Amino acid sequence: MSDAITPNPYAAPTSDLQQTPSNQTPSIEEALARGYDFSIGELLSESWSKVKGTKGIIIGGFLVFYVVLLAATFILGGVVGIFGALSENLFLVFVGEILISLLASALAYPFMAGINMVGIRRAADQPLNFNEIFSHFGRTVPLIITAVVMMLLIYLGMILLLIPGIYLAVAYLLAIPLVVERGLSPWQALEASRKAITQHWFKVFGLFLLLGLIVIVSAIPLGIGLVWSIPLMVVAMGVLYRTVFGVLPTAQ
């Protein structure tokens, strides 16, 4: 008696071309080459469905950040004011104010990168953690360089007939998260964001114009609506990022 299984001659034919889902995240080059597309309505609808579970983390993160920032600037401002009064040196006060502004920037960009990463994690259905917001201060230097170069280029574009500045302001929207999520250098992140968004610049512009209007309208009734509209904008940014570049899996 043979254990061999004879194929059923009446079975439906099978194909070796089975579609196997790929869990691999494309490289930046692959993402740019493959292209992408999205519907503003569908992206907003998905983003709204994912807002639940993010409001506490995002709004709580903003509150903690601004309390820390206000406390730090208040203390440093007081110290600078005391030393300035004792020494009667206006130059010292001026330098102190510049240093306080630089400190605020040094804190702001890693914080905003953390907020972006919360939206990206939510878009990719990855676990959310409040600590994510404050986990990227180790990349403060490249984030500040990215922001400074981005602002300089945007301002230069604004001076040159305005339109180039508007174009770059939209095209660089994904640069900050690229520095954190993919570890790109400032210039690599700026160029990757620009090349990707340029593929559908007007659609991305329309998306964030609509989101901006939603945030403005939601702020009218005593700002209560911001509890929903700000997380919506953060998650929408994450969904756009995931659509364009994909999201690397979290470390186990």
For this session: At 1.4 Å probe size, with no ligands or nucleic acids counted, give the accessible surface of F134 in Å², nearest ten.
Result: 70
Problem set entry | C-alpha center-to-center spacing [the stretch 207-234, the stretch 136-205] in angstrom | 23
Seminar exercise, completed: With x for Gly and Pro, the residue-by-residue ³J(HN,Hα) of the stretch 51-62, computed from phi through the Karplus equation 6.51 cos²θ - 1.76 cosθ + 1.60 at θ = phi - 60° and given in whole Hz, is 5, 4, x, 10, 4, x, 5, 6, 5, x, x, 4
Problem set entry | Rounded to the nearest 20 debye, dipole of the stretch 34-243 from Cβ charges on Lys, Arg, Asp, Glu | 500
For this session: Report, ordered by chain and residue number, the lysines lying within cross-link reach of K203, taken as a straight Cα distance under 24 Å and ignoring same-chain residues fewer than 8 apart.
Result: K50, K195
Exercise. Of all accessible surface on the stretch 115-252 at a 1.4 Å probe, what whole percent is carbon and sulfur?
Worked result: 74
Seminar exercise, completed: The answer for the stretch 115-252, accessible area per residue at 1.4 Å probe in Å², is 47
Exercise. Accessible area of Y66, 1.4 Å probe, to the nearest 10 Å²?
Worked result: 110
Seminar exercise, completed: Note on the stretch 34-243: alpha-carbon gyration tensor, axes a ≥ b ≥ c; rule is a/c under 1.5 for rounded, else prolate if a/b larger than b/c, else oblate; result prolate
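The values are calculated or read from the model by the stated rules, or taken from the named source; none is laboratory data. Just so it is clear, the structure is predicted and the values come from calculations on it, not from any experiment. Note that we place each Cβ from the backbone using ideal geometry, even for glycine, and neighbour counts take in every protein chain shown. Heads up: the accessible areas ignore ligands, DNA and RNA and are worked out on the full protein's heavy atoms, side chains in. Shrake-Rupley method; radii C 1.70, N 1.55, O 1.52, S 1.80 Å.
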